[in-house]
Amino acid sequence: MTLQQKQKQEKDMHQNKQHIPVLLEQVLHSLSPKEGDSYLDLTAGYGGHAGAVLERTNNPSQTTLVDRDSSAIAVLKEQFGPKGVEIIQNDFFAASQQLLESGRTFDLMLADLGVSSPHLNEPSRGFALQQEGPLDMRMDQSQELDAAFIVNTYSEDDLTNLIKENSEEPKARTIARLIVQNRPFTTTTQLANIVSRAWPGHSRVHPATRTFQAIRIAVNEELSLLTKSLPLWIELLSPGGRLVVISFHSLEDRIVKQTFASLSGDRYDATLDLITKRPVTGDINELVFNPRARSAKLRAAAKINNRKGSIHAYSGKK
Ligand SMILES: C[S@@+](CC[C@H](N)C(=O)[O-])C[C@H]1O[C@@H](n2cnc3c(N)ncnc32)[C@H](O)[C@@H]1O
């Protein structure tokens, strides 16, 4: 390999490992970090949000970063380990259970859901539908279930349900049938090409986008883990503590919205005050330079500190 090729490879690797945090200003505004606050980042990724929060809280010994991806964990350890930050490699549901069992609470919490740019930029991870790679899609590289197993072994009915439920794809049945008729698949591009046959003609997005999303959600159990974890996150908040969740598609956002709504409002047993009445999205500048931000929606809530003092406390009105 020539020096130039090596430099190019290093530059590509560096770029692949880069992740620009979405809605950073909006996260900081909603969390409102102050010196001394404790912080739990449930999807710390490459530490963009965590670094900005930590700069303001200046409290590394009460900062915990969670991710289930070993590449992200390696970067987090290098960046934050020497400062005394706790770093946990686990899925956020198991990590939250572990933290609750040890009696911990946090003033500030963030879950920036979904995949990171390195997931999408490294073809070997199998998330990118336009770059050839193995059918993998596992965020946790040690997990057994991968996309190849789902695509090559699930029945047509199971694939139809999985695609419909995880992406609301209107042609789920047609796509499931095409998959079953044309398998086995080994690469992302083989699958993307066959799925595209369900949508002949031009479309604004790649015709396999929804199917890839559905399979990725299934491989990583994204919706069920979020549903199970949200109540634990609220338990983990200190009184007055703030939780911010950023989601990237309507199915995730619906779960967050419904959970927040069911625990807030003018009712005697409300445990949350909503900080955002509507989801917050990126401003035009961010949408131009960070395409990942285009579908991002942020919702934030605070744990009620003192019911009588809460603006949404139960008013006794019928
Ligand atoms: C959008 S990225 C987060 C980026 C991060 N906020 C930053 O600024 O670098 C999402 C991260 O969450 C991780 N992740 C997704 N679901 C997870 C889960 N259930 N448990 C733990 N980590 C998860 C992914 O591995 C990925 O690194």
ask   = Checking PHE127 against (1) part of a helix (DSSP H, G or I); (2) within 12 Å of the ligand (Cβ to nearest atom), which single condition isn't satisfied?
value = (1)
query = Restricting attention to region 225-241, which residues are more than 12 Å from the chain's Cα centre (by Cα) and within 16 Å of the ligand (Cβ to nearest atom)?
reply = THR227, LYS228, SER229, LEU230, PRO231, LEU232, TRP233, LEU236
inquiry  = For region 141-193: of the residues being under 23 Å from the mean Cα position of the chain (by Cα) and of a type in the set (Ser, Thr, Tyr), which is farthest from ASP69 (Cα to Cα)?
reply    = SER167
key: Residue among ALA52, ALA111, ALA94 that alone is touching a Ser or Thr at 6+ places or on another chain (Cβ under 7 Å) and hydrophobic (A, V, I, L, M, F, W, C)   = ALA111
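So that you can scan it fast, the table gives a plain yes or no per residue for (1) closer than 30 Å to LEU120 by Cβ; (2) at pLDDT below 95; (3) surrounded by fewer than 16 Cβ atoms within 10 Å (Cβ to Cβ):
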position	(1), (2), (3)
GLU222	yes, no, no
LEU225	yes, no, no
LEU236	yes, no, no
LEU251	yes, no, no
ALA261	no, no, yes
ILE284	yes, yes, yes
ARG292	yes, yes, no
ALA300	yes, no, no
ASN306	no, yes, yes
remark   = Counting only residues in region 263-282 that are more than 19 Å from TRP233 (Cβ to Cβ) and within 16 Å of the ligand (Cβ to nearest atom), the one surrounded by the fewest Cβ atoms within 10 Å (Cβ to Cβ) is identified as THR281
inquiry  = Go through region 65-86 and report how many residues are surrounded by 17 or more Cβ atoms within 10 Å (Cβ to Cβ) and more than 12 Å from the ligand (Cβ to nearest atom).
reply    = 1
task = State all residues of region 96-113 that are aliphatic (A, V, I, L, M) and either within 15 Å of the ligand (Cβ to nearest atom) or assigned by TED's automatic domain parsing to the domain that holds ALA214 (or both); if no residue qualifies, say none.
result = LEU99, LEU108, MET109, LEU110, ALA111, LEU113
inquiry  = From the list TYR46, TYR39, exactly one residue is surrounded by fewer than 24 Cβ atoms within 10 Å (Cβ to Cβ), of a type in the set (Phe, Trp, Tyr) and within 15 Å of the ligand (Cβ to nearest atom). Which is it?
reply    = TYR46
inquiry  = So SER116 passes all but one of these: (1) farther than 28 Å from ASN152 by Cβ; (2) among the polar types (S, T, N, Q); (3) within 13 Å of the ligand (Cβ to nearest atom). Which condition number does it fail?
reply    = (1)
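The values are calculated or read from the model by the stated rules, or taken from the named source; none is laboratory data. Here the structure is a predicted model, which is why all the values come from computation and not from measurement. All Cβ positions, glycine included, derive from the backbone under ideal geometry; neighbour counts span all protein chains shown.
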